[in-house]
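> Could you have a look at this structure, given as structure tokens, before my questions?
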Amino acid sequence: MTRRWLLGQVAFLALSAGLLLLVFENSSLDLLLARPFFDEQLNDFPLRKNSFFNPVFYYGFKFAVSAAGVMALAICLFACRGRLLWLPKKNAWLALLGLILIPSAVALLKLNTNRHCPWDIAEFGGFAPYLGLLADMPEGIVRGVCFPAAHAATGFMWLAVGLALHTHSPQLSRRVVWGALVLGVLMGLTRQAQGGHFVSHTLWSAWLAWAISLGLAAMLGLAGRSSAERTEHQTPDRRGEYQTQ
């Protein structure tokens, strides 16, 4: 992770944030993508309380991913003491803090952004108007606590783990990062199918998770050196490959 790469990722975050605001603040795309899951005859989202879908794809997924997260935290704590040669202390701290801070930040934002779930929106049988992220909520409307998507963040928190594995194996790192993205999107779509989130909620959770991961990497000094600086601190081993000293 070089300075150039980090700066490129910062630029990507800035551009993607602008694109998300441009698209979702100036269109009804969220409503359009949520409508296929809404049943007008029932005046509700059929999968919201489905006896199979809800316990398996919502609670089941959440429990499994959370349990894996607890195991990962235990491994990170072990590595933070220098007990794992393949996971340096700084990298372990990146994964550990990411697994904690990403879902915590999303939960904190949910309490302060005042945005409603699809099932609360008037177009879907609710009581609240659909508003963009930056719009003011009219007075007299009960507060919403649905943005960003916490369920999806449970999947996106693994982005920090993927980034932490970069020094161990860039290939494994990429696989974990892509796996975290796929998992987060699937969990977000699962909740959207129940009327619990809009697409933009899931996308902003992914954005926030990656921003936190990059911020932690920079703070811990894992993305602050250039390629040239890294080369100066490397010497060839017996196989002729470079090892960092």
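> What residues from region 84-127 fall in the zone where the backbone N is under 18 Å from a label point 7 Å along the Cα-to-C-beta line of residue 134?
113-115, by backbone N distance to the label point.
> Shifting gears a bit: Relative to the longest principal axis of the C-alpha atoms of the chain, give the angle of the C-alpha long axis of helix 170-193, reported between 0 and 90° and rounded to the nearest 10°.
10 degrees
> Name the long-range amide H neighbours of residue 128: under 5 Å, sequence gap of 5 or more, or other chain; modelled H, no Pro or chain starts.
Here the answer is 121, 122, since their amide H atoms fall under 5 Å of that of residue 128.
> On the Cα set of region 74-186, report Rg and Dmax in Å, please.
My reading of the Cα-based Rg and Dmax gives 18.5, 57 Å.
> Name the residue farthest towards the positive end of the dipole of the chain from the options 29, 92, 17, assuming +1 on Cβ of Lys and Arg, -1 on Cβ of Asp and Glu, about the Cα centre.
92
> Rounded to two decimals, what ratio of Rg to Rh does region 166-218 give with C-alpha atoms and a Kirkwood Rh?
1.07
> Let me ask you something else. Between residue 43 and residue 26, with labels modelled 7 Å along Cα→Cβ, what's the label distance in nm to one decimal, could you check?
Taking the simple label geometry, residue 43 and residue 26 are separated by 3.7 nm.
> Please work out the ratio of the alpha-carbon Rg of region 124-207 to 2.2 N^0.38 Å and round it to two decimals.
Ratio of Rg to 2.2 N^0.38 Å for region 124-207: 1.36.
> Separation of region 31-58 and region 142-182 by C-alpha centroid, Å?
25 Å
> Give the relative contact order (percent, whole number) for the chain; include only Cα pairs under 8 Å separated by 6+ residues.
Working: 342 pairs, mean separation 63.4, N = 245.
Normalised by residue count, the contact order of the chain is 26 percent.
> Could you tell me the convex hull volume per residue, in Å³, taken over the Cα atoms of the chain?
Details: hull volume 32.0 nm³, N = 245.
Dividing the Cα hull volume of the chain by its residue count gives 131 Å³.
> May I pose another question? Let me see the P(r) profile for region 60-140: every Cα-Cα distance counted, bins of 10 Å, each bin given as a percent of all pairs.
16, 29, 22, 18, 12, 3
> If the chain between residue 12 and residue 68 were fully stretched, how many nm would it gain, using 0.36 nm times the residue separation less the Cα-Cα distance? All intermediate terms of the calculation are to be shown ahead of the outcome.
Details: separation 56, 0.36 × 56 = 20.16 nm, distance 2.93 nm.
Contour length minus the Cα-Cα distance gives 17.2 nm.
> With only alpha-carbon pairs counted, each pair once and no self-pairs, how large is the Kirkwood hydrodynamic radius of region 1-69 in angstroms?
Across region 1-69, the inverse of the average 1/r is 16.0 Å.
> Just checking the chain: which Cys have no other cysteine's beta-carbon under 4.7 Å?
76, 80
> Note the angle between two axes, namely the Cα long axis of helix 199-219 and the longest principal axis of the Cα atoms of the chain, as a number of degrees from 0 to 90, rounded to the nearest 10.
Rounded to the nearest ten degrees, it is 20.
> Report the semi-axes of the equivalent ellipsoid for region 10-130 in whole Å, largest first, where each axis is √(5λ) for an eigenvalue λ of the Cα gyration tensor.
37, 22, 12
> Jot down the per residue volume, in cubic angstrom and as a whole number, of the convex hull over the alpha-carbon atoms of region 51-106.
71 Å³
> On average, how much accessible surface per residue is there in region 66-122, in Å², for a 1.4 Å probe, leaving out ligands, DNA and RNA?
Values: 2930 Å² over 57 residues.
Averaged over the residues of region 66-122, the accessible area is 51 Å².
The values are calculated or read from the model by the stated rules, or taken from the named source; none is laboratory data. Note that this is a predicted model, so its numbers are computed, not measured. Note that each Cβ is placed from the backbone with ideal geometry, even for glycine, and that neighbours are counted across all protein chains shown. For accessibility, only protein heavy atoms count, side chains too; no ligands or nucleic acids. Shrake-Rupley method; radii C 1.70, N 1.55, O 1.52, S 1.80 Å.
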